[in-house]
Amino acid sequence: MANLFEHKDRRVVPNWRSFGKTTVLGELNSFKLNTEFSQIEPNIDDYIFDWQINKTVIHAADLLSAAIVNNKNDNQLINEAADFILENKNNASKSQISLACKILDKPIEKDLSERFTEINLDTLPSLINPEPVREKIRVTKELIKSFPYNPILYVELSRFYSIIGQERQSIKAMQTALHLAPNNRFVLRSATRLFAHFNYSNNEYLDFIHNILRKSPMTSIDPWLTSAEISIATIRDRTSKFMKKGIDLINSKNISPFNFTELASSIGTVELLFGGTKKSREFFNKALISPNDNSLAQIEWASTKDRQLDIDPSHFNVKMNFEALALDNFQNDQYDLAIDNAAKWFIDMPFSKRPIMFGSNLATIILKDQAKSISFLNAGLTSHPNDPQLINNLAYSLALDNKPAEAFDQLNKIRNVTGYDEITNICLTATKGLAFFRSGFVDPGRQLYIEAIEETNHIKNQELNWIAILNYAREEILIGSEYVSPVMDAVSKIPTNCNDVVINTLRKDVIELFEKHKQENMK
Amino acid sequence: MIMKDNAAHNLLNLTLPTGWLVKKKVEKTDNQTGSYFSVCYLVEKEGETCFMKAFDIMKFNSISLPGTSMMDVMNDMSTAYKYERDLSTYCSKKHVTKVSFVKEAGEAIVNGYSFSIVPYLIFDLAEGDIRKKLDFSAELDYAWRLKSIHDVAVGLKQLHAIEVSHQDLKPSNVLVFNGESKIGDLGRSMCRDMDGPYNKEVYTGDWTYAPPELMYRYYEKDWIKRVYATDCYLLGSLIVFYFAGISMSALLRKHIPDNFSWEKWTGTFDELIPYLENGFAFALNEFETNITRDDLKGELRQLVEHLCNPFPEKRGHPKNVLSAGSNFNMERFVTKLDVLKRKAELSIKNF
């Protein structure tokens, strides 16, 4: 039985990308609308004059220096000077040549999404290679030797470690970054994501980062950090003391809509969960004035709770919005598109488990394409090599694909189940039952399924109980056992109007299989 | 007013009261200092040729804009003239040797013009500024470059010793005289003991070379700290120019994402710290790629790192930063440059 992608549970935890990508996306821009200082009015006429009368590489380079420093690149003579340097490369330094190239390569708005157009599930395996990440770790460590106090480098290092699943090293690098720049937005938001990502019941990462966020003087003035604090407080089932401050920031008119989009969607989420849909809609609508990929995905998620929020993410000019697109595709039954967007979502954030859980669940249960599911799960295991949910789901897909030996190989990687949550343990028990069924060992398989079903009753998780019954029923039908009839009685008690597409699909599949089985028996 | 009616433009062949013969009018060939108000000539006396700036007082006619007072423009001109003259006298009395200052100041009377008095300043004639000497075509001449930078650092140290901050140190203001480099153009400097036209301004030099904190309008309130931190950065930027051929500010701007550039950033300087540090790290890496000599690479990089640190409180030699006294004391840098200069010279001899 597969651990399911949690549609129920999304919070606006900051997305974590490289420093370069985060910068290009504008998420590190100043949140203030205007500067209180007057602009300097630069004049580079002297440099133009010197270049015109001297026509040497050094005068051309001096002009280019003046042009880039004073943001005066829009002059034909400057292009001429840059061309001159490139035509006389033998008389120029490396920096002069590189500056000339930069000046001539006119700044165009970078579309980060372009690099993702070729990515889909088929190309995913070729992109999951830890070697380039290890090389980046080596290069970053070298840079750190020269700049041991640069927090950005430690955040990058932490991210690389998280991609290949080295939790301890990743946490350590991030703690150093936090020590060096405890109030910096990039550091704090990256740390928030990392500590939320590695948060398990046996550690206190969430408490740690929440404490830092609450104490930072920037949290009450920087909407990007206020939003992060509110999200972490919500995950911890706490009431954020920054809610009112956050609302004031949104209404202050001193902050541009893009800078408060995550904050508005965070507050909208809290209102949706604990307040009223009317108020939450008000905040989600503010978040939609100029959304980013995270707020858009949040609203896409919220639209499953409040149908009036229904949006089409492709109508917004938001870069890297793969999660929102995948969720939207899923809601509109465009499953193949959803799979490809999930692959893009994972490549964009390769440390994240959500795209893997989403893609593999969709492939295994709805599309019944175990190869696709296995592909996602293998990719996810790069960054989560020992994750019991991913291992369970991989074993489940392998068993459904009638590869029970391989399924057992995966399940045997899990030695100690005491540290896992109850749901994961139940899923592991059921998956083991499935693997026994598919190996031809029906009795232990049946015993494990019944154990799993009883556990779902014990923890009073009705949906999990239905999923366990449906999985078990399928196996009894497939072997044509004498228990089909009582199991189908239990299946008949599962409501037909369930909101969960996974349960509906499993139920439909089991009933069809049962009908087919009946017809074959009648023959 | 046309040139033929303007005395400052018609000094050719005139003998000045102190015996200098005006030999040649010099068309502007470089970003010559103070040339906005002045006309340049070569003058000769007893076989010595010097450079003369004749102040064009009538210029106020052409630069007075509607809304600006003619008297204010004239006052600016005369203050600039007087300041450069008096500061030069002050420096020359204090044994400043590596700065090119006014050799003689006076007023020429040229009859037949509506305004017949032309104030002038005479300077030693330089071969040109260092842009004429720097050549990136072959193996860099490290010994010459390091000697020139050492000269400039000594000049800066001499100025700081008498509480003068240059504020406008840049390639066009480093003049070369018979193999010796001197700092030129004191016109934008600030002197603690003299009332200058710019003493109350936060920065008086060329914004193209200005340190990043000023570009982001982060001003240290303490005058001494602010102006010396600026000079410190400008010296580092000059080192970058000698070896990379572009200014430190250009190099830094190249490595700072556009979102954080000084023309776009609307937040505080503190918020920028990690991003500037990151850009600075990559700028230093690029600087290093321009240096082909492994024995000098590390030390030159370190010099630039100390002199150009984007945060004024971290700028200066680490031993000075961590101890009492001024962070921006030039002594250690002068010593370091002297060692590097000798190292480069020795390797030429060994070769």
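How big is the Cα convex hull of the protein assembly as shown in projection, averaged over all directions, in nm²? With the hull built on Cα positions only, its mean projection is 45.1 nm². Within the straight-line cut-off of under 18 Å between alpha carbons, the aspartates and glutamates reachable from A:LYS368 are A:ASP122, A:ASP333, A:ASP336, A:ASP340, A:ASP401, A:GLU475, A:ASP500, A:ASP509, A:GLU512, sequence neighbours fewer than 8 places apart in one chain being disregarded.
Calculated mean residue ellipticity at 222 nm for chain A: -20000 deg cm²/dmol, from DSSP H runs with n ≥ 4 weighted as -39500 (n - 2.57), summed, divided by the residue count and rounded to 500. Within the listed set B:LYS297, B:LYS24, B:LYS221, the residue fluctuating most in the Gaussian network model of chain B (springs between alpha-carbon atoms under 10 angstrom) is B:LYS221. Considering only B:THR204, B:THR335, B:THR230, the Gaussian network model of chain B with Cα springs below 10 Å gives its largest mean-square fluctuation to B:THR335. Remark: for residue pairs B:LYS93/B:LYS182; A:LYS244/A:LYS319; B:LYS221/B:LYS319; B:LYS319/B:LYS343, the C-alpha separation exceeds 25 Å in A:LYS244/A:LYS319. With θ taken as phi - 60° and the Karplus curve 6.51 cos²θ - 1.76 cosθ + 1.60 applied, the whole-hertz 3J(HN,Hα) list for segment A:184-196 is 7, 4, 4, 5, 5, 6, 5, 5, 4, 5, 5, 5, 5 Hz, x standing for glycine and proline. Computed from the Cβ-Cβ distance with R0 of 30 Å, the FRET efficiency linking B:ASP86 to B:ALA324 stands at 0.35.
Look at the stretch A:65-78: the mean tally of other chain Cβ atoms within 10 Å of its residues' Cβ atoms is 5. Computed from point charges on the beta carbon alone (+1 for Lys and Arg, -1 for Asp and Glu), the dipole magnitude for the protein assembly as shown about its Cα centre is near 1440 Debye.
Need one number: buried accessible surface between chains B and A, 1.4 Å probe, both sides summed, DNA, RNA and ligands left out, in Å² to 100. Before the final figure, lay out each step's value.
Numbers: alone 16610 and 25540 Å², together 37710 Å².
Approximately 4400 Å², summed over both chains.
Rounded to the nearest 10 degrees, the inclination of helix B:331-350 to the longest alpha-carbon principal axis of chain B is 80 degrees. Simple rule: put +1 on each Lys or Arg Cβ and -1 on each Asp or Glu Cβ in segment A:316-363, find the dipole, and look at A:GLN331, A:MET349, A:LEU362; the Cα lying farthest toward the positive end is A:MET349.
Its convex hull of Cα atoms gives segment B:174-258 a direction-averaged projected area, equal to a quarter of the hull surface, of 6.8 nm². From helices alone, chain B scores -13000 deg cm²/dmol at 222 nm; the rule is -39500 (n - 2.57) for each run of n ≥ 4 DSSP H residues, then divide by the residue total.
Couplings 3J(HN,Hα) for segment A:378-389, derived from phi with the Karplus relation 6.51 cos²θ - 1.76 cosθ + 1.60 (θ = phi - 60°), are 4, 4, x, 6, 5, 8, 10, x, 10, 6, x, 5 Hz, where x marks Gly and Pro. Quick one: angle between helix A:167-180 and the longest Cα principal axis of chain A, in degrees between 0 and 90, rounded to 10, please. Helix A:167-180 and the main axis of chain A meet at about 40 degrees. Label sites at B:PHE177 and B:LYS93, each approximated as a point 7 angstrom past Cα along Cα to Cβ, lie 2.0 nm apart.
Taking every protein chain into account, the accessible area of segment B:168-285 amounts to 28 square angstrom per residue (probe 1.4 Å).
Only four residue types carry charge here, +1 at the Cβ of Lys and Arg and -1 at the Cβ of Asp and Glu. Report the dipole size of segment A:271-407 about the Cα centre in Debye, rounded to the nearest 20. Result for segment A:271-407 is approximately 300 debye, rounded to the nearest 20. Sparsely packed loop sites in segment B:125-221 (the GluC sites (Glu not before Pro) outside DSSP H, G, I, E and B with at most 10 other Cβ atoms within 10 Å) comprise B:GLU139. Using only side-chain charges placed at the Cβ, +1 for Lys and Arg and -1 for Asp and Glu, the dipole size of segment A:13-108 relative to its Cα centre rounds to 540 debye. Over 31 Å apart at the Cα level, from the set A:LYS372/A:LYS508; B:LYS53/B:LYS225; A:LYS145/A:LYS344; A:LYS305/A:LYS403; A:LYS253/B:LYS314; A:LYS55/B:LYS254, are B:LYS53/B:LYS225; A:LYS145/A:LYS344; A:LYS305/A:LYS403; A:LYS253/B:LYS314. For the set B:LYS157/B:LYS341; B:LYS94/B:LYS133; A:LYS432/A:LYS518, the pairs lying more than 20 angstrom apart at their alpha carbons are B:LYS94/B:LYS133; A:LYS432/A:LYS518. Close amide H partners of B:SER38, meaning residues 5 or more places away or on another chain with modelled amide H under 5 Å apart, are B:ASP56.
Between the DSSP loop rule and a limit of at most 10 other Cβ atoms within 10 Å, which GluC sites (Glu not before Pro) in segment A:32-91 are left?
On the way: sites: A:GLU36, A:GLU80, A:GLU87; in loops: A:GLU36.
Those that pass, being in a loop and sparsely packed, are A:GLU36.
Multiplying the residue separation of A:ASP45 and A:PHE208 by 0.36 nm and removing their Cα-Cα distance gives an extension gain of 53.2 nm.
Placing a pseudo-label 7 Å from each Cα along the Cα-to-Cβ vector at A:ASP409 and A:HIS179 gives an inter-label distance of 4.2 nm. Given the options A:LEU178, A:ASN34, A:ASN521, identify the residue whose Cα lies farthest towards the positive end of the charge dipole of chain A (+1 on Cβ of Lys, Arg; -1 on Cβ of Asp, Glu). Toward the positive end, the furthest listed residue is A:LEU178. In straight-distance terms, cross-link reach from B:LYS103 covers every one of the aspartates and glutamates whose alpha-carbon lies under 20 Å from its own, apart from those fewer than eight places away in the same chain; here that gives B:GLU44, B:GLU46, B:GLU48, B:ASP56, B:GLU84, B:ASP86, B:ASP124, B:GLU127, B:ASP129, B:ASP151, B:GLU180, B:ASP185. Springs between Cα atoms under 10 Å define the GNM used for chain B, and in it the highest mean-square fluctuation of B:ASP124, B:ASP193, B:ASP168 occurs at B:ASP193. Taken one residue at a time, the phi angles of segment A:243-255 give Karplus couplings (6.51, -1.76, 1.60, θ = phi - 60°) of 4, 5, 4, x, 5, 4, 4, 5, 8, 6, 6, 9, 10 Hz. Gly and Pro are set to x. Under a 5 Å amide H cut-off, with hydrogens placed 1.01 Å from N, B:PHE177 pairs with B:GLU127, B:LYS182 among residues at least 5 apart or on other chains. Applying 1/(1 + (r/R0)^6) with R0 = 22 Å to the Cβ-Cβ distance of A:GLN334 and A:LEU513 gives a FRET efficiency near 0.30.
With the whole protein complex present, A:LEU157 retains an accessible surface near 10 Å², based on a 1.4 Å probe. Where in segment B:310-351 does the amide nitrogen come within less than 17 Å of the point 7 Å from the Cα of B:ASP295, taken along Cα to Cβ? Under cut-off, by backbone N: B:336-351. For segment B:88-179, applying the loop criterion from DSSP together with a ceiling of 14 other beta carbons within 10 Å to the trypsin sites (Lys or Arg not before Pro) yields B:LYS94.
State whether segment B:99-245 is rounded, prolate or oblate according to the following rule on the C-alpha gyration tensor (a ≥ b ≥ c being the square roots of its eigenvalues): a/c under 1.5 gives rounded; otherwise a/b larger than b/c gives prolate, and the remaining case gives oblate.
Working: a/c = 2.03, a/b = 1.17, b/c = 1.74.
Because a/c hits 1.5 or more and a/b fails to exceed b/c, segment B:99-245 counts as oblate.
Accessible area ranking (1.4 Å probe, heavy atoms, ligands and nucleic acids excluded), largest first, for A:MET522, B:MET194: A:MET522, B:MET194.
The values are calculated or read from the model by the stated rules, or taken from the named source; none is laboratory data. The shown structure was predicted, so the numbers you read here are calculated from the model rather than taken from an experiment. Ideal geometry is used to build each Cβ from the backbone, glycine not excepted, and the neighbour counts take in all protein chains shown. Please note that ligands, DNA and RNA were not included when accessible areas were found on the heavy atoms of the full protein model with its side chains. Shrake-Rupley method; radii C 1.70, N 1.55, O 1.52, S 1.80 Å.
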